[in-house]
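Report on the structure given below.
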């Protein structure tokens, strides 16, 4: 479910007795906390024009209903980048009763920057010192009691992935919500900055301006000194604005003169300094840090070992996908054929006899489900499992690092590698994943490339048709052709689209041993959407196709397709029809084709070679791989980039597919 | 070549201001309009007018605090001016034999009218002198003028550490983002990996590792530690 902009968040907050916000740097286990606390029923809230979402959910803790808002993972709360802006705006709109800040105990100094900034804004915090187990394994013990004393807020050690300490975290959160900030626990900076803040805060009080978002005067003062664009805009609009800004200029130039750098950077420096000082005082090194991380980074990023490893990883990925997917596919369709399929056949034939109704229903309930079980589900499930392994171990970072120079040729940078790889699973989340890219230009480029990335549904068609009936060599060739077309399109688009690409700045997260339950959960979350959205479409598609087949209309519908499908692509016209149906779900193409085979030759016969030759299967899979991914992809493209761009991308992929298919057909005839 | 044409099209009264801002920055002072006016011998209104003119040309930026900063392009032009200025001083002193205490003033009035090309010829004629008669360094044609040898971060060898001296000011948003990650001047960074084919570099700052694209890394200047 989706909520509109900030009024949605406000309403959400109003109907709940207590609300928490979860804040933290990226990849510190924030989503583990969120999942552990909330489970099902997650809503998302959007700000107009922004693509980063805020997740909202409710939980019950000892009969207390609590709303939990999961902010995007950020390093700070400025107004420069989109994720930071959204996190801050959601925080200010919701004004949660307590903020649970998840900090990474293995990298305390950098992680303390965000809570210090939140304290500067005068917000009530509880700190979850997460990954304490990992820190200890790295030889780092953190005195959380001292940390709490330094920061003036409760600190709870946690291991979120196993739920350790989270009860206590919620308890402390509820307590913080009840009493608010116990004392003025705002950080203290250098004397001149503190004096400047005091001076500005006094002025704000004296001018009696109504401060925005219920923030205290010191918070506004520090945002002014940090040259926060929004607060500056708010000040400019005030009748007293000019007086306040004059004062800001005066004190800011004083600080800048004394330190020889602009005030915002001075404040950032002192905040980092403070974080470092606190970190140093609460950390004790109990053993020499392990060199494993360093070795792993070296191994995966240095060119001599990194590239072979990358090639190996990709080869392994696809091999796993094909073998495990194929295995699952056989098991599932075997089970189906042996157990439920005869029952359904019997029941339907008992109820409806042998007529058209019965046959049409069998198309859906027998052939349709069989197709979903043998083509879509096994490959998608397998891919999501592999993707979560890559993500959770941290290896995707190395992929981004290694692919950065190639991405630059396409006007992108290494961060785009992650959505592109995800695109091999499903284009829909991958296109949403392009939000990690900063500019619209990069997002258009990456989204177009994602559309050309064979998703698991298309891989299912390639695996289930080409590698099964033609051989694995031609199956690989399809990937090579598609990769070539993708590269050329990206390269060309990069020349056509105005603007330049930005650079890569990306944190390289430490390697971690993935948690199996977490991986399974993530795989399930992703797979669930696929299952519940895709399977009904497959069934409906099968019914419709069954109906027009049984009534004989199928051959009528294929007539207008003949010139293109038969004449240009050299495929049977009926295959063209399944390609059109495949716009619902890509794997539907093959499923329907298989269903046609089943309907024609009876259950058990799924041999495509009975009505297409090897060349035709190749062309068929290639065209299916290249043209617009599916309806869901078009919808998400439109949502993310606008309808005009979505239709433009879709139309150009159709043209590309027809062009490539026609050329391949002619080459094959030769 | 674009920067050269740009440099030539700028009226000399603006060039003078650019040079003064650059020198003040080099002296480690923050450049307020008042201080700049004092250096140029101009009133505050007049100084502001020129600063705004330069801002229109994209050569300087003014902060909310009123401080003036050179943009990367402004800095390039200013460095080019200083190069010519000091070469002319050298010429006036070495070749024409003008007194030491007069060359600065003479060079000052000559600099804006001497093209970069003439400047380069002058350098060749004088056999690429390293300093002006006052002992100040003469920047190279690439415009590198820093008493401390600053190299872009990606030029550091793998395994070497450096201290950030400055970050180019072209993209304020990037600068702010880097600041939140703790990449500020005087921060120590270690280069762990330099990817081939113009790929990114892997750096270590405190307990964190970051991948920086070449383009970003080339804007961060460090002194090898």
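Quick note: the coordinates plus some simple rules give every number you see, no bench work behind them. In this text the structure is predicted, and so the values were computed from the model without any measurement. Every residue, glycine as well, gets a Cβ built from its backbone with ideal geometry; the counts of neighbours run over all protein chains shown.
Pull out the extension gain between residue A:242 and residue A:202, defined as 0.36 nm times the separation in residues minus the alpha carbon to alpha carbon distance; nm, one decimal. Write down the numbers at each step before the final one.
Working: separation 40, 0.36 × 40 = 14.40 nm, distance 1.59 nm.
So the extension gain works out to 12.8 nm.
Would you mind classifying segment B:151-224 by shape? Square roots of the alpha carbon gyration tensor eigenvalues, ordered a ≥ b ≥ c; an a/c under 1.5 is rounded, otherwise it is prolate if a/b is larger than b/c and oblate if not. Can you show the working numbers first?
On the way: a/c = 1.45, a/b = 1.25, b/c = 1.16.
Here segment B:151-224 falls in the rounded category.
Could you tell me how many degrees, from 0 to 90 and to the nearest 10, lie between the Cα long axis of helix A:472-496 and the main elongation axis, the longest principal axis, of the Cα atoms of chain A?
On a 0 to 90 degree scale, this one is about 50.
Give me B:104, A:408 sorted ascending by neighbouring Cβ count inside 10 Å, so fewest comes first. Could you put the intermediate results ahead of the total?
Values: B:104 17, A:408 23.
Ordered by Cβ neighbours within 10 Å, fewest first: B:104, A:408.
Give me the percent of DSSP beta bridges within segment A:2-179 that run antiparallel, rounded to the nearest 5. Don't skip to the answer; put the middle values down first.
Numbers: 11 of 32 bridges.
About 35 percent, rounded to the nearest 5.
Just the number, please: Stokes-Einstein D of chain B in µm²/s, Kirkwood Rh from C-alpha pairs, 25 °C, 0.890 mPa s. Don't skip to the end; give the middle numbers.
Numbers: Rh = 19.0 Å.
The Stokes-Einstein estimate is 129 µm²/s.
If each residue's Cβ is checked for other Cβ atoms within 10 Å, how do A:469, A:323, A:549 rank with the fewest at the top? Please list the in-between numbers first.
On the way: A:469 17, A:323 12, A:549 24.
Listed from fewest to most nearby Cβ atoms, that is A:323, A:469, A:549.
If we count other beta carbons within 10 Å of each Cβ, what is the order of A:654, A:481, fewest first?
Working: A:654 14, A:481 17.
Going from least to most buried by this count: A:654, A:481.
Before anything else, pin down the relative contact order of chain A: Cα pairs under 8 Å, at least 6 apart, normalised by residue count, whole percent. Intermediate values should be presented prior to the final figure.
Details: 1009 pairs, mean separation 66.3, N = 670.
Relative contact order here is 10 percent.
Express the relative contact order of segment A:2-179 as a whole percentage, based on alpha carbon pairs under 8 Å and six or more residues apart in sequence. Don't skip to the end; give the middle numbers.
Working: 353 pairs, mean separation 40.0, N = 178.
Averaging sequence separation for qualifying contacts and normalising by length gives 22 percent for segment A:2-179.
Treating each Cα of segment A:300-397 as an identical point scatterer and ignoring solvent, apply the Debye formula and state log10 I(q)/I(0) at q = 0.16, 0.22, 0.24, 0.25 Å⁻¹.
Listed by q, the Debye log ratios stand at -0.74, -1.03, -1.12, -1.16.
Mind checking the angle between helix A:395-409 and chain A's longest principal axis? C-alpha axes, 0 to 90 degrees, to the nearest 10.
Computed tilt is about 80 degrees.
What's the whole-number percent of alpha carbon pairs in segment A:2-179 lying beyond 19 angstrom?
Cα-Cα pairs of segment A:2-179 separated by over 19 Å account for 53 percent.
Quick one: helix B:12-26 against the long Cα principal axis of chain B, what's the angle to the nearest 10°, folded into 0 to 90?
So the helix axis and the longest Cα principal axis differ by about 50 degrees.
Over the Cα atoms, compute the radius of gyration (one decimal) and Dmax (the largest Cα-Cα distance, rounded to a whole number) for segment A:191-259, in Å.
Rg and Dmax of segment A:191-259, Cα atoms, are 11.1, 32 Å.
Rounded to the nearest 5, what % of DSSP beta bridges with both residues in the protein assembly as shown are antiparallel?
Working: 41 of 62 bridges.
Of the beta bridges lying entirely in the protein assembly as shown, close to 65 percent run antiparallel.
If one puts a single equal scatterer on every Cα of segment A:92-221 and applies the Debye formula without solvent, what log₁₀ I(q)/I(0) results at q = 0.11, 0.15, 0.17 Å⁻¹?
Taking Cα atoms of segment A:92-221 as identical point scatterers yields -0.44, -0.76, -0.92.
Which values of log₁₀ I(q)/I(0), to two decimal places, follow from the Debye formula for chain A at q = 0.06, 0.09 Å⁻¹ with a uniform point scatterer at every Cα?
For chain A, the Cα-only Debye profile gives -0.42, -0.86.
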